[in-house]
Amino acid sequence: MKAIQLVLGLTLAATLAACSSTGGANGANGANGTNGANGQLDPSASGYGRNGVGVGGDGSGSGDPLRDPKSILSKRSVYFDFDSSAVKGEYKPVVEAHAGYLKKNPQRKAQIQGNTDAQGSREYNLALGQRRAESVKSMMRVLGVPENQLEAVSYGKEKLRATGSSDADNAENRRADVAYDGE
Amino acid sequence: MLRRLLHALAASLLLTLASLPARADMTIEIVGGGANRHVIALPAFAAEAGVNGGITPIVRNDLQRSGAFNVLAPGVVANAPSSPGEIDYPAWRGAGAMSVAVGRVSVSGGQLSVEFNLMDAAQKKRLTGGVVTVPVSDSRAAAHRIADMIYQAITGERGVFSTQIAYVLRTGRSYQLQVADADGAGAQTLLRSGEPIISPAWSPDGSKLAYVSFETKKPVVYVHALATGARYAVAAFKGSNSAPAWSADGSRLAVVLTRDGGSQIYSVPVAGGEATRLSQSAGIDTEPDYSPDGSRILFTSDRAGGPQIYSMSAGGGGASRVTFEGNYNVSPNFAPDGKSFTFIRREGGRYRVMVHDFTTGQANALTDTSRDESPSFAPNGKMILFATEQGGRGVLYTVTRDGLTKTRLATTGGDVQEPAWGPFPR
């Protein structure tokens, strides 16, 4: 969902207009306006501007790599199997990239937000989403990211990105997102 | 002249009805158990037509959905008494009535008074009665109080019709924490947010709600005073903070924190402060609920695989498993007498309200719906409030302890979730 907000942010800032179509890599999610709407309701959404100045420091040189659709750092979601909190091999590069970014940018803080599908008790799902977030956080800790740069939290089934009940919808919702402070 | 007045009254009533927002009416579904119900006659109270919503229609719904009464249809006997002397006892007995409630309404100086008497149909003896006076705008409160008096006179148990419920109303991206009468009417919004609100929990004295709000982009537990609207974060530790439960004396809250990694149960003072860890497992421990005597905590844990319900001392320490049947048992809530608890079991893809009896060790399903959530006992233990899904949106239901009477509460449009039944008023 942060990816969607980023795409929105990009479009608004018009700093990388040419890339807005490649932003469609996350487009399947972008079609769901849910999280954009949330962002507008939240006063902290003004944080886009703060990020927009770019933090530099990782040598990419062409603005904020967290927002560059060509950078792996623009990928923010780690997907999980049903009833599982194990980070699958295909998402390890994403986690490693963010771990590397955090180590190079010790002033940045990341929140790992766990999510579940819509089935069952809200509080139990909150705990299941937490377990997914902790799983990503643990991997980053092992990769050397200091504890004080990381926070694992859960949205459980409260902020469903896909609101249907198909297998594909459920798979989309079994997810942890990496969000940076101010996003 | 009188006829013209009545016509004018009827017309204005129609206008009032037409201008009300679309809302789902209360529906009461009686599955069985008619033989055990007390049959009561409740002819319209004199002059109640002048009261918006009337009095006896509200009393009727209250008594009917309690499962303890069968209220005779208004026109079944051609006798319209408003005082005990006017009751045609043989006629009402002939229609099956065991008791007859009669009354009259008067309005004076902004105050509404309802004088009523409940008479035994066989012995013609007064069972209860009195004069209930409220501000005119609170006419529903008068009806609920009369229903409570009738319920107590007949069953010997305290009625819950004057209690309140809390729940979350979701409309699009907007969340409202609301408090309403036990029948779903008279909703008032305590908190409005663009981020989710879950898990409202009543303080034992009914003056405060604890709940989880995501307004700071993460789950944080707040305490909110109903009378003043004053609120503060009581648990906002690193990670997620959720699932508040009040201790029996209201001095502490059990909460679920993740500051040490997994989701575990802690205790915090109600004013906020240091958290003491209560549960110890490598798995998920969540959804704590204190026993009414304050000695124990029921909670959900997946320490043995799937989620099951466990019990531990209120001071923490070792836990014993309570549910063994089924592979998904969650959301425990103690009955007020501590002898049973309600919870949700998933079975064959359906999530249903259950009651586990500590004496027999048996659990029974009370509902036939399939997306039930968040069950909580009425303060007299005779009904359970829960959320389920109908037509793709959340609705509230009550079900009697025997499962035989189910009522969908009247609520305005939107997705209604996370209900919690409040305590008796003090």
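So the values come out like this:
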| quantity | calculated |
| --- | --- |
| Failed item, numbered, when residue B:327 is tested on (1) open to solvent by less than 50 Å² (accessible area, probe 1.4 Å); (2) within 14 Å of another protein chain (Cβ to nearest Cβ); (3) of a type outside the set (D, E, K, R); (4) in a loop (DSSP other than H, G, I, E, B) | (1) |
| Number of positions in the stretch B:224-252 that are away from every other protein chain (no Cβ under 14 Å), of a type in the set (A, V, I, L, M) and open to solvent by less than 30 Å² (accessible area, probe 1.4 Å) | 2 |
| Members of the stretch A:147-164 that are outside any strand (DSSP E or B) and either away from chain B (no Cβ under 14 Å) or not aliphatic (A, V, I, L, M) (or both) | A:147, A:148, A:149, A:157, A:158, A:159, A:161, A:162, A:163, A:164 |
| Residue within the stretch B:293-316 that is away from every other protein chain (no Cβ under 14 Å), open to solvent by less than 10 Å² (accessible area, probe 1.4 Å) and closer than 23 Å to residue B:178 by Cβ present | no |
| Some residue of the stretch A:165-182 being touching a residue at least 60 places away in the same chain (Cβ under 8 Å), open to solvent by 10 Å² or more (accessible area, probe 1.4 Å), more than 30 Å from residue B:393 (Cα to Cα) and within 12 Å of chain B (Cβ to nearest Cβ) | yes |
| Residue satisfying all of: in the stretch A:87-115; touching a Leu at 6+ places or on another chain (Cβ under 9 Å) and polar (S, T, N, Q); surrounded by the most Cβ atoms within 10 Å (Cβ to Cβ) among these | A:115 |
| Residue B:353 vs. criteria of a type in the set (Val, Ile, Thr), touching a Leu at 6+ places or on another chain (Cβ under 9 Å) and within 20 Å of residue B:419 (Cα to Cα) | yes |
| Selection count where residues are farther than 26 Å from residue B:246 by Cα, surrounded by 14 or more Cβ atoms within 10 Å (Cβ to Cβ) and of a type in the set (Gly, Ala, Ser), scope the stretch B:346-380 | 2 |
| Selection count where residues are among the small types (Gly, Ala, Ser) and open to solvent by 70 Å² or more (accessible area, probe 1.4 Å), scope the stretch B:83-93 | 1 |
| Failed item, numbered, when residue B:337 is tested on (1) over 15 Å from residue B:292 (Cα atoms); (2) outside any strand (DSSP E or B); (3) open to solvent by 40 Å² or more (accessible area, probe 1.4 Å) | (1) |
| When residues of the stretch B:102-122 are limited to those that are among the polar types (S, T, N, Q) and more than 15 Å from residue B:40 (Cβ to Cβ), the one surrounded by the fewest Cβ atoms within 10 Å (Cβ to Cβ) | B:108 |
| From B:28, B:58, B:40, residue being among the hydrophobic types (A, V, I, L, M, F, W, C), open to solvent by less than 30 Å² (accessible area, probe 1.4 Å) and not in a helix (DSSP H, G or I) | B:40 |
| Scan of the stretch B:133-164 for residues that are outside any helix (DSSP H, G or I), open to solvent by less than 40 Å² (accessible area, probe 1.4 Å) and in contact with a Leu (Cβ under 8 Å, 6 or more places away or on another chain), ordered by number | B:134 |
| Residue match in the stretch A:104-111 (condition: part of a helix (DSSP H, G or I) and farther than 18 Å from residue B:214 by Cα) | yes |
| Number of the exception - residue B:73 against (1) at pLDDT 95 or above; (2) surrounded by fewer than 14 Cβ atoms within 10 Å (Cβ to Cβ); (3) part of a loop (DSSP other than H, G, I, E, B) | (1) |
| Residue in the stretch A:113-125 that is modelled with pLDDT under 95 and part of a helix (DSSP H, G or I) present | no |
| Qualifying position, being of a type in the set (Val, Ile, Thr), open to solvent by 20 Å² or more (accessible area, probe 1.4 Å) and away from chain A (no Cβ under 14 Å), among B:216, B:189 | B:189 |
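For every residue, the table says whether it meets (1) under 26 Å from residue A:112 (Cα atoms); (2) within 20 Å of the chain's Cα centre (by Cα); (3) of a type outside the set (Val, Ile, Thr).
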residue	(1), (2), (3)
B:193	yes, no, yes
B:205	no, yes, yes
B:218	yes, no, yes
B:225	no, yes, yes
B:232	yes, no, yes
B:287	yes, yes, yes
B:297	no, no, no
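The values are calculated or read from the model by the stated rules, or taken from the named source; none is laboratory data. All of these numbers come straight from a predicted model, not from anything done at the bench. Backbone-built Cβ (ideal geometry, glycine too); neighbour counts: all protein chains shown. Surface areas here come from the heavy atoms of the whole protein model, side chains and all, with no ligands, DNA or RNA. Shrake-Rupley method; radii C 1.70, N 1.55, O 1.52, S 1.80 Å.
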